[in-house]
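Input: a single structure, listed below in structure tokens.
The values are calculated or read from the model by the stated rules, or taken from the named source; none is laboratory data. Being a predicted model, the structure only gives us computed values, none of them experimental. Every residue, glycine as well, gets a Cβ built from its backbone with ideal geometry; the counts of neighbours run over all protein chains shown. Please note that ligands, DNA and RNA were not included when accessible areas were found on the heavy atoms of the full protein model with its side chains. Shrake-Rupley method; radii C 1.70, N 1.55, O 1.52, S 1.80 Å.
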Amino acid sequence: ASNSLGLKDIFQASDSEILELARNIDSEVIVCLGVLEHMLSPRQFLENLSLNPHVLYLYIQVPLASASILFESAFSAVAPRVLVSGHTHLFTTKSLAFLEGEFGFRSTAEWYFGADVIDLYRSILIQIEDHDTTGGLLGLLQEAIYPIIDPLQEVLDRNRVCSNVHALWARGGK
């Protein structure tokens, strides 16, 4: 992809190369959207960024231990979205606050949002499609639940028990 787009700064890196890059990159803002949960050593990565004098801001998006993992556990026959094998880490509001403090960052903005209710809807849909011979349950699901997916999700988001958070961390929280 990098060659076809003419981008020379896109490359594949090993874990050790990523840790080295975090220590030495000459950038003020680091963006890690959907990254930390896939790393073998996210704490080492964050420590290296915190020791890098150039890095002033870190923008992250990570999955949270949330309602979705309960739904995924209850509907084990449905492919998971949060508890996938590629996620080596899940986070909580407490673990994120701990990491901020440990590595000298402070959260300047957070946006909690999720897809928990649509995950639940999808799981129920898959289960009843296999067993609903009359279509009555499918109709009820589509008429009663589908229209209120967003308001239900907003409740989880407001209470920070949703599947994702975006956060902007700034240097200077110790």
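How do the pairs read when you match residues in the stretch 155-174 that are over 8 Å from Leu64 (Cβ atoms) and at pLDDT below 95 with residues anywhere that are open to solvent by 30 Å² or more (accessible area, probe 1.4 Å) and of a type in the set (A, V, I, L, M), using Cβ under 8 Å and keeping only pairs 6 or more apart or on different chains?
Taking only residues 6 or more apart or on different chains, the pairs are Arg171/Leu56.
Within the stretch 11-54, can you find the residues that are among the polar types (S, T, N, Q) and within 21 Å of Leu83 (Cβ to Cβ)?
Ser41
Quick check on my filter: what residues within the stretch 106-129 are open to solvent by 30 Å² or more (accessible area, probe 1.4 Å), in contact with a helix residue (DSSP H, G or I) (Cβ under 8 Å, 6 or more places away or on another chain) and among the small types (Gly, Ala, Ser)?
Answer for the stretch 106-129, where residues must be open to solvent by 30 Å² or more (accessible area, probe 1.4 Å), in contact with a helix residue (DSSP H, G or I) (Cβ under 8 Å, 6 or more places away or on another chain) and among the small types (Gly, Ala, Ser): just Ser107.
Output the residue which, of all residues in the stretch 135-168 that are of a type in the set (Val, Ile, Thr) and open to solvent by less than 60 Å² (accessible area, probe 1.4 Å), is farthest from Leu36 (Cα to Cα).
This residue is Ile149.
(1) more than 19 Å from Val117 (Cβ to Cβ); (2) surrounded by 15 or more Cβ atoms within 10 Å (Cβ to Cβ); (3) aromatic (Phe, Trp, Tyr): which one isn't true of Phe11, the others all being true?
The failed condition is (2).
Does Arg81 satisfy the condition of being among the charged types (D, E, K, R), open to solvent by 50 Å² or more (accessible area, probe 1.4 Å) and within 29 Å of Arg171 (Cα to Cα)?
On the way: among the charged types (D, E, K, R): yes; open to solvent by 50 Å² or more (accessible area, probe 1.4 Å): yes; within 29 Å of Arg171 (Cα to Cα): no.
In short, no.
Would you call Thr93 closer than 30 Å to Pro42 by Cα, touching a Phe, Trp or Tyr at 6+ places or on another chain (Cβ under 9 Å) and of a type in the set (Val, Ile, Thr)? Spell out how you get there, then give the answer.
Working: closer than 30 Å to Pro42 by Cα: yes; touching a Phe, Trp or Tyr at 6+ places or on another chain (Cβ under 9 Å): yes; of a type in the set (Val, Ile, Thr): yes.
Answer is yes for this residue.
Among the residues of the stretch 132-149, how many are in a helix (DSSP H, G or I) and either closer than 30 Å to Ala97 by Cβ or touching a helix residue (DSSP H, G or I) at 6+ places or on another chain (Cβ under 8 Å) (or both)?
6
Could you tell me whether Asp132 is at pLDDT below 90 and surrounded by 13 or more Cβ atoms within 10 Å (Cβ to Cβ)?
Details: at pLDDT below 90: yes; surrounded by 13 or more Cβ atoms within 10 Å (Cβ to Cβ): yes.
The answer is yes for Asp132.
This table checks each residue for (1) under 19 Å from Val31 (Cα atoms); (2) not in a loop (DSSP other than H, G, I, E, B).
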| position | (1), (2) |
| --- | --- |
| Val62 | yes, yes |
| Leu70 | no, yes |
| His87 | yes, no |
| Pro151 | no, yes |
| Val165 | yes, yes |
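Collect the residues in the stretch 89-105 that are open to solvent by 30 Å² or more (accessible area, probe 1.4 Å) and part of a helix (DSSP H, G or I), keeping them in residue-number order.
Passing the criteria: Thr93, Lys94, Ser95, Ala97, Phe98, Gly101, Glu102.
Taking the options Leu58, Leu21, Leu46, name whichever one is part of a helix (DSSP H, G or I), in contact (Cβ under 8 Å) with a residue 24 or more places away in the chain, surrounded by 14 or more Cβ atoms within 10 Å (Cβ to Cβ) and among the aliphatic types (A, V, I, L, M).
Every option except Leu46 fails the conditions.
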